[in-house]
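> Structure below; questions to follow.
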Amino acid sequence: MEQPCDPRPPDNTSFYQPSSFLLTGFPGLEANHHWISIPFCAFYLIALSGNCLILLIIKKTQSLHKPTYYFLSMLAVMDLGLALSTLPTTLGILWFNHRKIEFDACLAQMYFIHILSMMESSVLLAMAFDRYIAISNPLRYTSILTKPTIVKIGLAIVLRAVVSLFPIPFLLKRLTYGGRNELSHSFCFHPDIMKLACADIRVNILYGLIVILSTVGVDFVFIVLSYVLILKTVISLTTQEKCLKALNTCVSHICTVLIFFIPMIGLSIIHRFGNNVPAMVNIVVGYVYLIVPPVLNPIIYSVKSKQIRKAMLRTLGWKNNPM
């Protein structure tokens, strides 16, 4: 698939790579970027402080040293990474209108964003497996999900993401680019960079599709399968009270899965098929995909998990709170 090359590269050579790309904030609203930065600052502050607090209370509270909370710690680390990956370029545009990002720096940011997204997907699958074991086989829960097993799961999650996405920057560096160097977001995203190439990008498209289907796609299928098995187990419980109690332990995870996968699927569809979608929709979905999960995940678990809430209140100094 040959991409259009208008305008021509500056030196009119057969191979050309721009020294930098231009990131995009909110087109047409540049005069209001300082005001728009206020909610973004609040989002990043909540994401960073909330996930750091989750990690702190899990580390300090002995009663939270359980498989469920180890996986929650992994999720908090992924969310922190995602927030920190986009924070410099997003606030750089909103505060200082600094749109320029070096070519290699853009590839590095893209690589880490995609790695962290893939690892978050894998952690959500591990959390679904954790819920299934806890509900279907509670007596063997701690003997199945031992600390060495959790460490191995964590290492497998990191290794899968790093290896699967390792070729992506090199596949982009081999391409020649035209004079256009303006990206659609305030961060670097693989399909966005790929569209600026003036070369056959079928290899990039095919490899990206294989990777997304074999990793995030497989994760989503197994998460759904886990909940089918959980529902099957819950239905077999003797009383309605036990059934509702078991399902209630899954609510936080279900919310986290939805707020992660829905924007991700939406953004992927827009980049591949949404040529006529308004630019602002594309931009907003991108922000929802990368900023909303790190903001909402610690809030969801703080509200829904009594143990997390109690430990958080103790950490904040409210030891006598009746909750």
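> Quick one: would you say G25 is buried (at least 16 other Cβ atoms within 10 Å of the Cβ) and either in contact with a Pro (Cβ under 6 Å, 6 or more places away or on another chain) or assigned to a helix (DSSP H, G or I) (or both)?
Working: buried (at least 16 other Cβ atoms within 10 Å of the Cβ): yes; either in contact with a Pro (Cβ under 6 Å, 6 or more places away or on another chain) or assigned to a helix (DSSP H, G or I) (or both): no.
In short, no.
> Among the residues of the range 175-182, is any part of a loop (DSSP other than H, G, I, E, B), among the charged types (D, E, K, R), under 24 Å from P278 (Cα atoms) and in contact (Cβ under 8 Å) with a residue 12 or more places away in the chain? Break it down stepwise before answering.
First pass over the range 175-182, keeping only residues part of a loop (DSSP other than H, G, I, E, B): 175-176, 178-181.
Then keep just the ones that are among the charged types (D, E, K, R); that gives 180.
Filter once more, keeping what is under 24 Å from P278 (Cα atoms): 180.
Going one step further and asking which of them are in contact (Cβ under 8 Å) with a residue 12 or more places away in the chain, we end up with 180.
Yes.
> Would you check if V234 is surrounded by fewer than 18 Cβ atoms within 10 Å (Cβ to Cβ) and among the aliphatic types (A, V, I, L, M)?
Values: surrounded by fewer than 18 Cβ atoms within 10 Å (Cβ to Cβ): no; among the aliphatic types (A, V, I, L, M): yes.
When the stated conditions are applied, V234 does not pass them.
> If you don't mind, there's one more thing I want to ask. Kindly indicate the residue of the range 237-282 that is closer than 30 Å to P27 by Cβ and of a type in the set (S, T, N, Q) and also surrounded by the fewest Cβ atoms within 10 Å (Cβ to Cβ) among those meeting that condition. Full working, then the answer.
Just the residues of the range 237-282 that are closer than 30 Å to P27 by Cβ, to begin with: 258-282.
Add one more test, that the residue is of a type in the set (S, T, N, Q), and what stays is 268, 275-276, 282.
Values: S268: 19, N275: 8, N276: 5, N282: 18.
If we take residues in the range 237-282 being closer than 30 Å to P27 by Cβ and of a type in the set (S, T, N, Q), then N276 is surrounded by the fewest Cβ atoms within 10 Å (Cβ to Cβ).
> In addition: Are there helices (runs of 4 or more DSSP H) fully within the range 247-323 with at least 2 residues that are under 22 Å from the mean Cα position of the chain (by Cα)? List them. Step through it out loud before you land on a result.
Values: elements: 251-273, 279-304, 306-315.
In the range 247-323, the matching helices (runs of 4 or more DSSP H) lie at 251-273, 279-304.
> Looking at (1) surrounded by fewer than 16 Cβ atoms within 10 Å (Cβ to Cβ); (2) closer than 29 Å to V295 by Cβ; (3) not basic (K, R), find the lone condition where S226 falls short.
With (1) surrounded by fewer than 16 Cβ atoms within 10 Å (Cβ to Cβ); (2) closer than 29 Å to V295 by Cβ; (3) not basic (K, R) applied to S226, the lone miss is (1).
> Could you say whether any residue in the range 196-204 is closer than 30 Å to I36 by Cβ and either touching a helix residue (DSSP H, G or I) at 6+ places or on another chain (Cβ under 8 Å) or of a type in the set (A, V, I, L, M, F, W, C) (or both)? Break it down stepwise before answering.
The first filter runs over the range 196-204 and keeps only residues closer than 30 Å to I36 by Cβ, leaving 196.
Those still in the list that are either touching a helix residue (DSSP H, G or I) at 6+ places or on another chain (Cβ under 8 Å) or of a type in the set (A, V, I, L, M, F, W, C) (or both) too: 196.
Yes, the conditions are met somewhere in the range 196-204.
> Name the residue that is surrounded by the most Cβ atoms within 10 Å (Cβ to Cβ), counting only residues in the range 180-195 that are out of contact with any Pro (no Cβ under 8 Å at 6 or more places or on another chain) and over 20 Å from F166 (Cα atoms).
Step one: list which residues in the range 180-195 are out of contact with any Pro (no Cβ under 8 Å at 6 or more places or on another chain), which gives 182-195.
Now drop any that are not over 20 Å from F166 (Cα atoms), which leaves 182-186.
On the way: E182: 12, L183: 22, S184: 20, H185: 22, S186: 24.
Of everything passing the filter in the range 180-195, S186 is surrounded by the most Cβ atoms within 10 Å (Cβ to Cβ).
> Need the failing condition index for L231 against (1) free of Cβ contacts under 8 Å to residues at least 40 places away in the same chain; (2) closer than 30 Å to T68 by Cα; (3) in a helix (DSSP H, G or I); (4) touching a helix residue (DSSP H, G or I) at 6+ places or on another chain (Cβ under 6 Å), just the number.
It is condition (4) that L231 fails.
> Do you know which residues across the range 196-223 are among the small types (G, A, S) and exposed (fewer than 14 other Cβ atoms within 10 Å of the Cβ)?
S214
> Which ones in the range 234-246 are part of a helix (DSSP H, G or I) and either β-branched (V, I, T) or modelled with pLDDT of 90 or more (or both)? Outline the logic, then answer.
Kept after step one, since they are part of a helix (DSSP H, G or I), are these residues of the range 234-246: 234-235, 240-246.
Scanning the range 234-246 gives V234, I235.
The values are calculated or read from the model by the stated rules, or taken from the named source; none is laboratory data. All of these numbers come straight from a predicted model, not from anything done at the bench. Methodologically, a virtual Cβ is constructed for each residue, glycine included, from the backbone with ideal geometry; neighbour enumeration extends over all protein chains shown.
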